[in-house]
Amino acid sequence: MKELSKAYSPGENETTIYEKWEESGYFNPDNLNLPEDAKPYTIVLPPPNITDKLHLGHSSMLAIEDLLIRYHRMNGYRALWLPGTDHAAIATQNVVEKKLLKEEKKTRHDLGREKFLEKVWEFLDETQATILKQTRRMGASLDWSREAFTFDEQRQKAVATMFTDMYKEGVIYQGERIVNWCPRCHSTLADDEVEHQDQKTMFYTFRYWKDFPISISTTRPETKIGDTAVAVNPKDERYKKFIGQEFEGEFCGVPLKIKVIGDREVDMDFGTGALGVTPAHSMVDWKMAENNDLEIKKVIDEDGKIHDGFGEFSGLTAKEAGKLVVKKLKASDLLEKEEEIDNALSTCYRCDTAIEPLPSKQWFVSVDKKLERLGGKSLKEKAIEVAKNKEVSFIPNRFKKQYIDWMENLHDWCISRQIWFGHRIPVWYKNDEIYVGTEAPKNKYTKAILLHAWDSDPEAAFFPWLKQQLENAGLKVIVPKLPNAKNPDYEEWLSAFRKLDADENTLIIGRSLGSTLALAAAQEGIKIGKLVAVCTPLDNKSIPDFFTAIGEWKFDKIKQNIQEITIFHSSNDPYIPKSTSEKLSQELNAPLVEIKNADHFTGIQYQEILEACGIWAQDPDVLDTWFSSGMWTFSTLGWPDNFKDGKKIGDLAEFHPTQVLETGYEILTLWVSRMIMMSLFAVGEIPFEDVYLHGMVLDENGKKMSKSKGNGIDPIDVIEEFGTDAVRLSLLIGNTPGNNLRVGEEKIAGMRNLVNKLWNISRYIETTYQISEVEKSDLDTLPDDENLTLADRWILTKFNELTLKVTQDIQGYRFSEAGEKLKEFTWNDLADWYLEISKTENNSEEKTAILQFVLGNLLKLWHPFIPFVTEKLWQELFTSDFLMISSWPKIDSDKQTGETLKNFSLLQNVITAIRNIRTQYKIAPKQKIEVVIYAHDKLSFLEKQTELISNLKTGIDKITMQESGDKISRAHYEIIDEMEIYVPLQDIIDIPTELKRLEEEIKSTENFIADISKKLDNKSFVENAPEAVVNKEKEKLTTQENKLKNLKKYFENIS
RNA sequence: GGACAAUUAGCUCAGUUGGUUAGAGCGCUCGCUCGACAUGCGAGAGGUCACAGGUUCAAAUCCUGUAUUGUCCACCA
């Protein structure tokens, strides 16, 4: 006999059980020893962002998906649940930036791209490890051997391939658009990353200048210096006549040329009914400018400051400029009205900074381009079509409409992001040329030498960035430290240079004296492929010996030995006069490029130097994170390697498309729609059959759990307190698709109690029947029907019914209902009734068989919900083979159920009624009572059950059954079904109270009878309702009438 | 402004296609150490299913409108 502890302690078991599962290898479907034709069942885990550890919402997702996977694994499917994490480009970069600022008071620009990315990876390793640990703690049966990361090598390849393919088909294109620009994050935001905050704003009405015929209104006066048109509604009588006219004048010191255009979008009733058009800084205006061929004037730059060329406004922040405009308007008496209005401010979803709409070059995915591979349809059309044709279904169904609505309004998707962390755009530029591909294009040069200035550190200035770029482009890069840099000697430097073995395939970028050295070397006869000379001195008074040693410049010789030269000049360089650079340019017949702010090279100026090198330079931007997560279903299954000549092979063939995508409804549009489009494009398949959308997990007060509010429940905390099974169960029961779920510790504690109940049920069965020592049946066949008591047949019937319902519920995604039914069976039917009865019935051989069957199969049904405790009990009491891979209980569809269920429920009612009488009349628990039951057709059945009735907490010492006859005059009574139950204890009865109570019951029974009679008198009811319904009503009527008769008789007797 | 959802017991929610006198858990009341379980056992109280109309023999369930709450989308210069 196995000794089980009095209470279940989850902590001890969970880690060891999870380890056993993992070691078994059964999380990987390849190890399941399935027949060839076993169907696949695939779920890819929505990859959690690596920005933070998991919260209860993730736990809920894991619980649901693990349930589905475990259920299907037990049903013989090739069940694959594929784990991974998401690099979440912007979100991650932001978290790291904030952390950096807080801990080191540095911005990412202080660190530079490389160093910053190192920080990101450090952070990422940490959170990723936490996430994986938490996921295991939840008991998730994920196939860790296939773990993926949206930013690992395989996925990088997939992303680059996808981009290239889409570019080749013209789906991806580069275009200038107004984008939502966050001046703080220095990045564009997708439409769905912009938040709108209601606020009060000053609304100014004014004219550009005195004789301008139309007043306009604005909340953003600072942009008005870039206006090129005024738009009015073409139907507007007031302004109609001006349409087409052009006006010139000066607005706040800025010359403007304003054309009046007509546009139906303009609301005649808002403001003055006329709208100043600023094409560069408003989405709507941009469209108008496109339609009317207007000039586009950029007013605000990427830092949120006013561009050059706007007089005294230039260099001011937008806010300052706005104030100045208003001040000037007031001074020149142009302001007509100033009022406060409600207005929605667009802000960055990450940092709450007001966004600035700016025109910018970006990469887009076209959703409207018709594609041959989609049968002449566009991504958008196809993605809508599959939803309409039910090729993909949504649970709950209402989200289908939301999906289609959103899709129909979808515009081209901007996929480039101006941040550092993320998939680099696989595009390379060389001057005007562009190359798109999965690998960097081959370059003319094989080696690059970066020569530092005479007194500077080779690692300083712009070298590290360039080095990285050149290495990315496949060059061997050398950054030598030239000897004695503080006091350079020409011979020493030259001999150091010779050792670098420069030749025709070498690219040299030299800064200051470094570039002078390269020129001198060429003069000495060394061949060089290309020289980019940045701020090059031809003489310097502080190191006269150096230049004396070089001697007279022989530019012809230099030209002979260097194939190509570009000269860079910095206007801020205090040492090299522009004339020097110009002279060099002329003598060498080389192009001269001038750069501003040489001491603060920005990415763009690096870009210029890189371009001058004549090598391919990669686009500095990265891709929107949804681009890579949109490929999640197939990139994780080995695309593109597993997709050859339009055919799927390997994992992709075996597991794609997946069966279910289970995710939060909040990312239906962000993610689900993109997955559908990208999968259609890449593989020509809808990535999943069903989309199950869960709600958010809220705290017990209905608030969204968030770290800042401090109301979040850490899954690990509650797991440690109550156990994983309890946490999983509280996330499954009461959780319905698409609806939010409130979870508090009370609920989890309740579920812990249930888990413990199951444990104790098992413990009782084991201590009483020693099922661990009994030879095991296969749990597929029921015990023989002979010698079974009513209760035995009842529990088997109930269990069969339960198996059927639970199976149906899981298949219909009704996990909550399945869980509740299991709970009800376990607690009420099995523990409260059957086990209690088993204590009084003596057929222990049958009981052993039945309990073994019921408990074993019950553990199976419970397993997808609470895997740990069930696995533990299974291994203790049944077999050391894993419950995880045991087969799902069989359903006996021929089982006769009616009579058994009816009889048992009768029995339950009798027992409950007797207990009720005891409580109602406050009969002391220890006092034995006599019971008399009057019955009619049920009499013979009840007579057989007297022993049972007496033994089940009814405290009966004498029980008699008889046909209806004269009733005991004074007794406690209860009337149920067609029976009357009397407990003759007249001494205690308080007659007046009893009469009052009886009166009430008689009255309510009469009312009820009246209701039923009315219904039955209604001809249309009798004619139209189904016969079964009518019969039920009739039955009800007789029962109630009998009851009334007996009540009245009893009433007379005692009064 | 548009769309979608929610409104059922004190609280949190179920209630599949209209068909018993509307269910569960928690909480509450009363009573219990009864051969596993006080993380337990037994009994109970508690609801005009937001409101107003309509369809139907029959409505928590279907339709219309109103109110309140929530979510998403759009956005006006």
Could you work out how far helix A:991-1017 tilts from the main Cα principal axis of chain A, as a 0 to 90 degree angle to the nearest 10?
70 degrees
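Report the extension gain between A:Q811 and A:D267 in nm, rounded to one decimal, defined as 0.36 nm multiplied by the number of residues separating them, less their alpha carbon distance. Display every interim value, and only then the final one.
Values: separation 544, 0.36 × 544 = 195.84 nm, distance 5.21 nm.
Fully extending the segment from A:Q811 to A:D267 adds 190.6 nm.
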For A:K839, what charge total do you get from the other residues with a beta carbon under 14 Å from its beta carbon, if Lys and Arg give +1 and Asp and Glu give -1?
-3
Farthest positive-ward along region A:95-225 dipole, Cα basis, beta-carbon charges - from A:F203, A:A148, A:C182
A:F203
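With a 10 Å radius around each residue's Cβ, average the other Cβ atoms per peptide and rank A:856-863, A:239-246, highest first. Don't skip to the answer; put the middle values down first.
Details: A:856-863: 23.2, A:239-246: 14.0.
Answer by packing, highest mean first, reads A:856-863, A:239-246.
What FRET efficiency would be calculated for the residue pair A:Y764, A:D785, taking the C-beta separation as r and a Förster radius of 25 Å, to the nearest 0.05?
Values: r = 25 Å, r/R0 = 1.00.
E between A:Y764 and A:D785, to the nearest 0.05, is 0.50.
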DSSP beta bridges in chain A, what fraction antiparallel, as a percent rounded to 5?
55 percent
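Tell me, in nm to one decimal, what length is gained between A:S887 and A:K6 on full extension, where the rule is 0.36 nm per residue of separation less the Cα-Cα distance?
Between A:S887 and A:K6, full extension yields an extra 314.2 nm.
Give A:K400/A:K644; A:K444/A:K644; A:K287/A:K370; A:K2/A:K839; A:K53/A:K757; A:K895/A:K938 a once-over and call out the pairs whose C-alpha atoms are over 27 Å from each other. Each step should come with its number before you reach the end.
On the way: A:K400/A:K644 33 Å; A:K444/A:K644 32 Å; A:K287/A:K370 23 Å; A:K2/A:K839 20 Å; A:K53/A:K757 32 Å; A:K895/A:K938 24 Å.
Check vs 27 Å cut-off fails for A:K400/A:K644; A:K444/A:K644; A:K53/A:K757.
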With only alpha-carbon pairs counted, each pair once and no self-pairs, how large is the Kirkwood hydrodynamic radius of region A:869-956 in angstroms?
16.8 Å
Report the rotationally averaged projected area of region A:477-565 based on its alpha-carbon convex hull, in square nanometres.
5.2 nm²
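Under a point-charge model restricted to the Cβ atoms of Lys and Arg (+1) and Asp and Glu (-1), what is the dipole moment magnitude of chain A relative to its Cα centre, in debye to the nearest 20?
The dipole of chain A has a size of about 1220 debye.
Where does each of A:V266, A:V534 land when they are ranked from fewest to most other beta-carbon atoms within 10 angstrom? Show your work: numbers first, answer last.
Details: A:V266 23, A:V534 28.
Placing the least packed residue first, the sequence is A:V266, A:V534.
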With just the Cα atoms of region A:93-212, tell me how far they stretch along each of the three principal axes, in Å, largest first.
75, 46, 33
With unit charges on the beta carbons (Lys and Arg positive, Asp and Glu negative) and the dipole taken about the Cα centre of chain A, which residue among A:H281, A:I1012, A:G253 sits farthest to the positive side?
A:G253
Extended-chain gain in nm, criterion 0.36 nm per residue less alpha-carbon gap, A:D556 and A:K20
185.2 nm
Ordering A:15-28, A:375-388 by per-residue average of other C-beta atoms within 10 angstrom, highest first, gives A:375-388, A:15-28
For region A:448-454, Karplus-derived ³J(HN,Hα) couplings (6.51, -1.76, 1.60; θ = phi - 60°; whole Hz; x for glycine and proline) come out as 10, 10, 9, 9, 7, 6, 5
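Net charge near A:K527, counting Lys/Arg +1 and Asp/Glu -1 over other residues with Cβ under 9 Å of its Cβ? Display every interim value, and only then the final one.
Details: positive: none; negative: A:D503, A:E504.
So the environment of A:K527 carries a net charge of -2.
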Each residue of region A:86-101 in order: what ³J(HN,Hα) in whole Hz does its phi give by Karplus 6.51 cos²θ - 1.76 cosθ + 1.60, θ = phi - 60°, with x for Gly and Pro?
10, 6, 6, 2, 5, 4, 5, 4, 5, 4, 5, 4, 5, 4, 4, 5
Alpha-carbon Debye profile of chain A, log10 I(q)/I(0) at 0.09 Å⁻¹
-1.14
At q = 0.12, 0.13, 0.18 Å⁻¹, the log10 of I(q)/I(0) for region A:551-694 from a Debye sum over equal Cα scatterers comes to -0.67, -0.70, -1.03
Rounded, prolate or oblate, given the Cα gyration tensor of region A:825-867, with a/c below 1.5 counting as rounded?
oblate
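Can you list which of the trypsin sites (Lys or Arg not before Pro) found in region A:482-522 are DSSP loop residues with at most 12 other C-beta atoms within 10 Å? Before the final figure, lay out the partial values.
On the way: sites: A:K486, A:R498, A:K499, A:R511; in loops: A:K486, A:K499.
When the trypsin sites (Lys or Arg not before Pro) of region A:482-522 are filtered for loop state and at most 12 Cβ neighbours within 10 Å, A:K486, A:K499 remain.
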For A:I565, enumerate residues with amide H under 5 Å from its amide H, sequence gap 5+ or separate chain, H modeled in the peptide plane.
A:L531
Using alpha-carbon coordinates, inclination of helix A:578-588 to the longest axis of chain A, degrees
80 degrees
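What FRET efficiency, computed as 1/(1 + (r/R0)^6) with R0 = 30 Å and r the Cβ-Cβ distance, is obtained for A:R238 and A:H307, rounded to the nearest 0.05? It would help to have the intermediate numbers written out before the result.
Working: r = 34 Å, r/R0 = 1.12.
Efficiency, rounded to the nearest 0.05: 0.35.
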If you line up the long axis of helix A:56-74 against the longest principal axis of chain A, both from Cα atoms, how many degrees apart are they, to the nearest 10?
60 degrees
How would you rank A:V436, A:V1029, going from fewest to most other Cβ atoms within 10 Å of each one's own Cβ?
A:V1029, A:V436
Going by a ≥ b ≥ c, the root eigenvalues of the Cα gyration tensor, does region A:76-139 fall in the rounded group (a/c under 1.5), the prolate group (a/b larger than b/c) or the oblate group?
prolate
Label model pair A:D110, A:D333: point-to-point distance (7 angstrom along the Cα→beta-carbon line) in nm is 5.3 nm
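With a ≥ b ≥ c taken as the square roots of the eigenvalues of the C-alpha gyration tensor of region A:1-96, please select rounded if a/c is under 1.5 and otherwise prolate if a/b is larger than b/c or oblate if it is not?
Working: a/c = 2.55, a/b = 1.25, b/c = 2.04.
Verdict is oblate for region A:1-96.
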Return the calculated 222 nm mean residue ellipticity for chain A, to the nearest 500 deg cm²/dmol, obtained by summing -39500 (n - 2.57) across DSSP H runs with n ≥ 4 and dividing by the residue count.
-13000 deg cm²/dmol
Footprinting exposure proxy for A:S887, A:S730 (fewest neighbouring C-beta atoms within 10 Å first):
A:S887, A:S730
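Can you tell me the FRET efficiency between A:K1014 and A:N397 if r is taken as the Cβ-Cβ distance and R0 is 35 Å, rounded to the nearest 0.05? Spell out each step's value before the answer.
Values: r = 39 Å, r/R0 = 1.11.
About 0.35, to the nearest 0.05.
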Trypsin sites (Lys or Arg not before Pro) restricted to region A:726-787 and DSSP loop, no more than 14 other C-beta within 10 Å:
A:K776
Give me the log10 of I(q) over I(0) for region A:803-899 at q = 0.13, 0.14 Å⁻¹, as the Debye formula computes it from C-alpha points; what are the numbers?
-0.51, -0.59
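May I ask for the net charge around A:G955, where only other residues with Cβ less than 9 Å from the Cβ of A:G955 are counted and Lys, Arg are +1 while Asp, Glu are -1?
Details: positive: A:R915, A:R918, A:K926, A:K928, A:K953; negative: A:D957.
Net local charge, A:G955 excluded: +4.
Values in this text are rule-based calculations from the coordinates and carry no lab data. Owing to the predicted nature of the structure, the values given are computational and were not obtained by experimental measurement. We place every Cβ from the backbone using ideal geometry, glycine too, and count neighbours over all the protein chains shown.
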